[in-house]
Each structure stands twice: as structure tokens, then as C-alpha cells.
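The values are calculated or read from the model by the stated rules, or taken from the named source; none is laboratory data. Keep in mind the model is a prediction, meaning the values are calculated, not measured. Here the Cβ positions follow ideal geometry from the backbone for every residue, glycine too, while neighbour counts run over all protein chains shown. To get the accessible areas, we keep the full protein, side chains included, count just its heavy atoms, and leave off ligands, DNA and RNA. Shrake-Rupley method; radii C 1.70, N 1.55, O 1.52, S 1.80 Å.
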Amino acid sequence: MVLCSSAKYAARDVFFNLSQRTLATFLNAMTAADSTIYPFSTVHAQDFANILDVYCDAVFFPNLTKHDFDREGWRLELDEASPGGVRYHGIVFNEMKGVVTDPAAWFYYQLKALRAGAPLDRASLTVPRGGAASPYAYNSGGDPLAIPSLTHDELRAAHAKYYSPANALFFSYGDLPLAHHIEYLEDNVLSRVPPSPAGSIVLPPLPRTPAAERAVIAGPFDSLSAPDAQVYHGSEWLAHDLGSASPAANLNLQLLSSLLLNGAASPVYKAVIETGLAADYSQRTGQNTEMATASLGITFQGISSKAGATDRIDDAVAAALDSVRADGFDPARIDALLHQIEISLKARPDNYGLALSSSLLHSTSLGASLPDLVRIEETLDEFKADPQGALAATLDALLASPPVTLTMEPEPEFLASRDAAEAAALEVAGAELSAGAKAELEAVTKTFYARESEDVSALADTLPAISIDECSEELTRRNETVIAAPSGIYTHDAPTNGLVYVRALTRVPDELAPESAALLPLYASLLPSLGTDGGRGKVPYATIDQELQMKAGSLSAGISLADALDSSAHFTERVSVSGSFLEAKSADALNLFAEILTAPDWTDTERIGTLVASIAGELSSSIQFSGHSFAALNARSRLNRVNARSELFDGLSQLNVLVPLANELAAVDSPAESPLLASVMDALGGLHARMIAGAWGQGSAFSVVAPTAADYVAPVEDFAGALGAPITSSPLPASAPSHPAGLPSPDAFAPALRSEYVVLPYQVHYVASAIPTVPALHPDATPLSLLGSILSSEYLLPVVRQKGGAYGAGASQSSGAFTFFSYRDPQSTATLDAFAGSEAFCNSLSDAELGAMLARAKLRGVARLDAPLAPSQFGAAYFNAGVEDDVRQQLRSALFAASVDDLRRVAAEHLSASAPRSSTIIGPGGASVPAGDDWVVVDPAANARG
């Protein structure tokens, strides 16, 4: 709410209006367990000053109006169809409904609550206010059953208590003079905010229980998983207090956590996951530092409901810990972990400064010394002096603290119970309303929506802004990619800080049957994660994994689809491999990469079964948190071939591959007893044989990014030779009229413009609608892209989010489709009606209004085009998708040239209410399912059961 409006900037929704007037590369606000962070980054000095001024005024001098509370938090509205004749509404209220229905998230929050002293039992639906020993017990985002107990006055009081400079930390990273920042803060914040009586508020360490505690609770039921393998279980031990502990304590716990839990050779993984006692780790596994006291969690998911299953896990974990206490860790594993830390210290990801600040903020806020925290090399040297001793002392101290242990059992009626609790609260609220109070509530609601419909653009224009006129139409060209002669390897010099990044692209095998094509994502996921069976004989993955950690930074594979920039019907489909390593380790790393990629052991049933269960669980959970992306991809898949292929690889279609397989694995005692897994393994082995015999041999493209990339041409040539892959010098022409061989002609693709409702056990909806449009280099593509930006911020934000209550909504143009989406949306078909009103919205605007919106959209487009790249990504757009600087300049010039007339033309031609479209809604069953023959209802759970 602080970013809604402030004393200096009275614009409604300061945050969203600011985001349209900036070149920021990051702009957000995030709530943690005991703090709220307001981070931003930009490459423009004046932009930095603008955002700093807006953020400081909003954080320390917000208006916190009742209207903003009603919109962002919660409000009560009359609704005859709801219990008590009323309903709850509000953006955060609806957002958190989407969070708590995920089993993994619910287990995470409940274990944290138990660790912080909350009394839990099987009937627990939420942590009651005032019912816990520590504030850390509560979900910092809010529980929908508790949110309506918060009042506007309480929120204002909390701000007055906590939001003072004495209770704040300011972090800055970059090349701007620090003295300017300090002067600004002194003049605009420190000297203006009266001293807070509370001063600096630091939450106390967690209470240490005298004895171990255990609790069993009910949790959400996952309709996509085997019903008798949905138990979550694990324990958490307290470690040191973050505010007073040394940096060595943090590092030692981090290293202990990695050695105990991470990788196929780790003792806990081998004891529990490799043996099939659990499908995977769950959230809150590993080192946790989000509270005032650090902890170590060892938690699992995908556990059998059979009696004694969790006891066997406890015994296995205890035996693994006892073994470590008796024998210590393999020194080779410690060396490999230190090698990975060396690589992580050298890597420079996107927004490195923000990542560094975020990693330091929490401990510093609790009183830890910032200078000590950043002396990482010294702390590492201290560990290296006696690694076994440091690890043993950390483990002994940890196990001396009695753990809390939580078991969560699936309850098919869990969400119904929460719905019933909400309904009971609404019945009470409705019964308390007299006739006069109802009339008053109706008037208040009408006033609320009337205010939401007011034109407040003049207030928004008071925000400081960067003008598009300050931006250059000329592209800032990065270091050019050089194709090394005569090999054809793509080389790109970049400041990688001693790291080397290698990529390879190879076409998938020709004439793949549909069922084989659907396995490509699984193939790519498994390829770098198996043991080998080659020149060294059978080498188990635990050995390969340790060698990787010792010789390289990373190795991954995926499926890469790149549609031709001038055609929505043509695309190129490749297997993509990426690896990284230190410059001094190039030969060892590339030799190991070649062994892994050419000789994976497709006969290791136990390993493949374990990985499949993990991958299936990740997919199910990801739909909860990225449902809008899945809905959008599903809607687009019925428009053209490239989107259909993308959906097959990355969308809901993968449920058809993974869910039946994971469920059968859960029903048998050993992966070797699964006929379906045996069939899939045969298919994967055959697919790999075709990759080796055909696809690699047809030619592959290779790229290398390094400080002096030419130095690695010869090693990469040897790598290509080991793969048996002739090097091609053209991975993807920008206009390649290519599509997978064996598929029908692109001209034969028949769009299926229908509506689908996908039933999943959620409390909110994810809504998407897609309209067939044009490819990237078509003259209409850039105006459509700009229009998507305008509709997102100027139309969908107020209509779908602020009025409709969805947590998010937007529109975009890509891959021959214009796509609308909403996220954690209490509405369903009403949101589709809003999407259909896009052209009418454009027509309602004057040329001056639309022109001002266009200028802001162009600014956001420039910000995306000019965003800094991580060194590892230098040259990636050219190598992966054929986007050369000349193409980037063409797209940039089109952005600057776009006019109001262009927007009106493309809106009329492509986005009319009657335009053919394909729609998808993911949401709960029952009354939420739209009626009518024009909707196809899809139940993935029923499909998985056959």
C-alpha cells in the first residue's frame, strides 16, 4: 500500500505509474518474514534519482488511504450468491488464495510456524492471531482466512511503528557517487521523519524448545499426484542466531547443508530419495536464514501413506547423520564444493548488485557486521584450515538443539474446509449487517468503483519521468560475435571473470513420431543427469556428479524452439546444451561433457525413476505459481504450429507424459516394476541412439563466451569431434523456412479456435485468450507489441486487477499471436469479456491520450532492449535465434517510428471484439466451469487416471 500514493506523489498506484516512466531494469517491492524490501536498479543516473525520490517519499510518507486498503487488502461487498449475502474482495486476499492451495507452499508455511512456536494440529486451517510464540510463525503475505481480521487503523499503526529511518537500512551498488545518495537521504528522509519511540526494532531469536516437538496436520490434496503418495514430512533444527553469530557460522552451516543434502553422493539423498522412501525434497530443505535464528531443514514430499513410511524416513536420516558424525565427509566432496563456491563468487548474474545486497540485508538488519559479512575470502580460508573440524562442530551444535518434526497428510476436503471456514465468517459478517448497514455498504461499494473509474492521469503525470526523446534510436552495439575460421565456431569476448561458457545446438532427429516428440523435454532433462556407460565402463551418476562439481560449473540441456522472424509457420527445433567452467579447467570439463552427452546410461532404472518422480512434482507445483503462463501457452497452441510445439514441450501437455508415469512409480515398490517406465526408457534410449547416429552427425553449431574466446576454439573443436558432430557455421538463419522433418507441411496446420476450461483444485483462476496475428518482422508486429504494453498498464491493470481483484493481468505480442492473461483471478469469463473490450478502449481515447501512452510504451520497450546482459548471455540472441544487431536495429527503428495511427489500425485489424480467438481458463471445477457447448472441459487428473 505504501506504493499506492504519497505526500509528494498523490497519483493513484504510484508503483505502476512509475514503472511506465522509467528505464529501470528492476523495480519491485517484496515482503520477507521480518522486513519489506523496496529494490530497484537502472543504468540511467537521472532515472536513479527519480526512482529514489519516489520510493523514499512513498515508503516514509505514504497516504495509506482507506480506499487503497479496500482495493489492495480486502473489503466486504454485497453479493446475494455468497454466504450471508456478502463476499470478501481484494487484490492481496485473492493473491494469497492462490498461494495456500499449493501443498508444497502450505507445508513450508506450517513448518515455519511450528518452528516459531505456533500450536498446530490436524484441524489447523490457519495460525490464529496471537496464537504463536514468535511473529515468524505467521505467513508474511497473509492467510486469506486471517486477512479480513486486519483493520485499516491497525495497518496505519504498524506503518507508524516500523517505517522509520531508525528501523531502516539503505543499500547502494554501482558507479554513482555515494556522497550524493547520503546527502539526498539526509535532506529528504532523515531530517524530515521525527524520531520513532521504538527506534530500531529487531525481532528476538526463535524460542528454543527443551524437547523435540512433533505435529501432524492436514494439507491440500493434489489431484495430479498418486493419492497414496502425497505425504510431506520432515524435521528442522535451530542453529545460530544471525545477529550475533560470526560469518564463519553462516558459511559452515551452508557448507554442511550442501554436503548433507545436495547431489547424488550426499548421504541424505542416498538414504531417502535414492532408496525411494520419498520422491524428492520439499521446500524448507537446507539452510534457512529467513528468521532471526538460522536453521537446517531436512524435509521430503511424495511419501507413501502406508503406516510406518515416515518412521522409516526418520530412521534413514538419523543413520545418515550418525554416519557423518562417525566418519566425516569425503575430502573429495569438500574440495568439489569449494570449487563450486569459487565459481559462484566469479559469476556475475543479471542485477548482480541487487542479488548481493539482498544476500546481506537480512543478517545486517539483525545486527550482524556488514564489513565482516563481505569478507568472504577470509571466512573461506578459515574453513579451509580445518574443514572436517568446522563441519563436525556445526553438526554437533545443530543436533544438540531439539528439532521440530511435521507430517502433512493429504486431505481431499482440505480446500472445502477452508471454503467452509470462509463461508462461516461471511455468514457472521452478513448477519451483523442491519438493513441500514447494508444500504451503507452498497453505497460505499458504488463509491469505490466510481473512484476506480475516475481519470487520474493528471496526477500520474506529476511523477518524475524519463522521456523517450532522451533515448537514442541508434542501437548500442555490443562486442560482436566472431565466427572463427575455418571451424565456424561462434566466439564472443566478454568480461566473464575467468569463466568460460560453451553452448551447442543440434537439430532433433528427423521424422519423430508424436509420442517420441513429446518425450524430448524429458530426454533433455535426463541427459546431463545420468551415469555413463562408455569407455570407462559403467560409471554411476554419484561419481559423475562429483566429477562435474570438481571440473566444471554447470551442464544443462533443453529443447530450443526458434520461430523464423518472418513466418509464424516455420521454426527450427534443436537440442540445446550449455556448460560452464573455469578457464584453467577447460580440457577436463569438455572431456567430461563429451562423455556425459555421448554415453548416458539409459538402463539405470532406479536413477531414471527417481528423476521422473522429481520432474513430475516440479511440473505440478509450477502450474500453481505460473498458471497464467500455462494458460497463455495453451490458448496460443491452437493458433499456429510453433506455439503448438511449444505447448507440447513446455505446457500442460507434459502432464500427459509425466503424471501417469509418476503415479505408476508411486504404486510400485521399485521402479523396475513399472512397465510404463520400462517402455519410456526404451524410447529414450532409442531417441538418444538416433541423436548420436543422425542428429549430431548432421552438424551442430557451437559457441564460446570467454575473456578471449578465440583461445577456446581448438578445445571446442575437439569437443565437437568427441560428439561426432560436424560444426555448422549457421545455427539459425533469421528467416529459415524450416520445420521438423516428418511433420505435415506448415500450410496443413488448421487453427482450432476454441475455448478450454482446465479443471484443477485451485481457489482462483488463470485466464488467457490468444488471437492469431503476425510474425516478428511484419510491419504490424511492433505496433501490436506496443499496444500490448499500453493495454497491460492503462486498461487491464485498472479493469482486471483494481476492479476485478486479480493479482495480475497483461497482454503481449509474440510468435504470431497476441495474448491476454490474468493471474490469481477471482473472475473467469468476466475477464474474457474485459479482454474483448480492448479495441473499444483504444477507440475511447483521444489522439493526445493515446499518444502519451505510446510514448510511455516506447520507453518501456527501450528499457527492455537496452537492459544489461549477464556476461554469460553475450551473443546468445544471435546464436540461439539468429537475431543479429542489424535485426535488433530494425526492430528498434520500428519502435521509434510507430504512430498513433499505427496503433488504431492494428487494434481494428487484429483486436476487435469479434476477432477469432482461442481461450483457456485454469481453475476450480463445479460452479466455476462455464456453461455452453462452446467450452471444452479438460480434467488432467481424470486423464492421468485413464
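Data for the structure
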read-out: Packing-based order for 27-34, 917-924, 532-539, using average beta carbon neighbours within 10 Å, highest first; value: 917-924, 27-34, 532-539
read-out: Under 12 Å, Cβ to Cβ, from residue 629 - net charge with Lys/Arg +1 and Asp/Glu -1; value: -1
read-out: Given charges at Cβ of Lys, Arg, Asp, Glu: region 213-410 dipole, positive-most of 331, 344, 319; value: 344
read-out: Antiparallel bridges, percent of DSSP beta bridges restricted to region 748-944 (to nearest 5); value: 70 percent
read-out: Dipole moment magnitude, nearest 20 debye, region 802-872 about Cα centre, only Lys, Arg, Asp, Glu C-beta charged; value: 260 debye
read-out: Largest-first ellipsoid semi-axes for region 565-664, taking √(5λ) over the Cα gyration tensor eigenvalues, angstrom; value: 30, 22, 13
read-out: Percent of beta bridges antiparallel (DSSP, region 213-410, rounded to nearest 5); value: 70 percent
read-out: Binned Cα-Cα distances of region 188-262, short to long, each 10 Å bin given as a whole percent; value: 11, 23, 26, 22, 13, 4, 0
read-out: For region 868-946 and region 639-713, distance of Cα centres in Å; value: 25 Å
read-out: Largest to smallest principal axis extent of the C-alpha atoms in region 231-338, angstrom; value: 44, 32, 20
read-out: Cα pair distances of region 8-151 binned at 5 Å [whole percent]; value: 2, 8, 14, 16, 16, 14, 13, 10, 5, 2, 1
read-out: For residue 97, net neighbour charge (Lys/Arg +1, Asp/Glu -1) across residues whose Cβ lies under 14 Å away; value: -3
read-out: Per-q log10 I(q)/I(0), region 213-410, q = 0.10 Å⁻¹ (Debye; single scatterer per alpha-carbon; no solvent); value: -0.47
read-out: Alpha-carbon Debye profile of the chain, log10 I(q)/I(0) at 0.05, 0.06, 0.09 Å⁻¹; value: -0.30, -0.45, -1.13
read-out: Residues whose placed amide H lies under 5 Å from that of residue 213, excluding near-sequence neighbours; value: 404, 405
read-out: For the chain, size of Cβ-based charge dipole, Lys and Arg +1, Asp and Glu -1, in debye; value: 460 debye
read-out: Lys, Arg +1 and Asp, Glu -1 on Cβ, resulting dipole of region 342-471 about Cα centre, debye, nearest 20; value: 200 debye
read-out: Fraction of beta bridges assigned by DSSP in region 483-723 that are antiparallel (%, nearest 5); value: 90 percent
read-out: Selection from 891, 841, 806, by position along the positive dipole direction of region 748-944 (Cβ); value: 806
read-out: Average Cα contact separation per residue, the chain, under 8 Å, 6 or more apart, as relative contact order %; value: 15 percent
read-out: Relative intensity, log₁₀ I(q)/I(0), of region 856-946 from a Debye sum that treats every alpha carbon as a point, q = 0.18 Å⁻¹; value: -0.92
read-out: 4 °C / 1.567 mPa s Stokes-Einstein diffusion coefficient of region 81-233, Kirkwood radius on C-alpha pairs, µm²/s; value: 67 µm²/s
read-out: Computed P(r) (all Cα pairs; region 348-387; 10 Å bins; percent); value: 26, 42, 30, 2
read-out: Solution diffusion estimate, µm²/s, Stokes-Einstein, region 483-723, Kirkwood Rh from C-alpha pairs, 20 °C, viscosity 1.002 mPa s; value: 112 µm²/s
read-out: Solvent-accessible ranking of 222, 650, 493, largest area first, probe 1.4 Å; value: 650, 493, 222
read-out: Within region 506-595, GluC sites (Glu not before Pro) in DSSP loop having at most 12 other beta-carbon neighbours inside 10 Å; value: 511
read-out: Net charge, residue 418 excluded, C-beta distance under 10 Å - Lys, Arg +1, Asp, Glu -1; value: -3
read-out: Cα coordinate range in region 790-946, projected on the principal axes (Å, largest first); value: 51, 43, 27
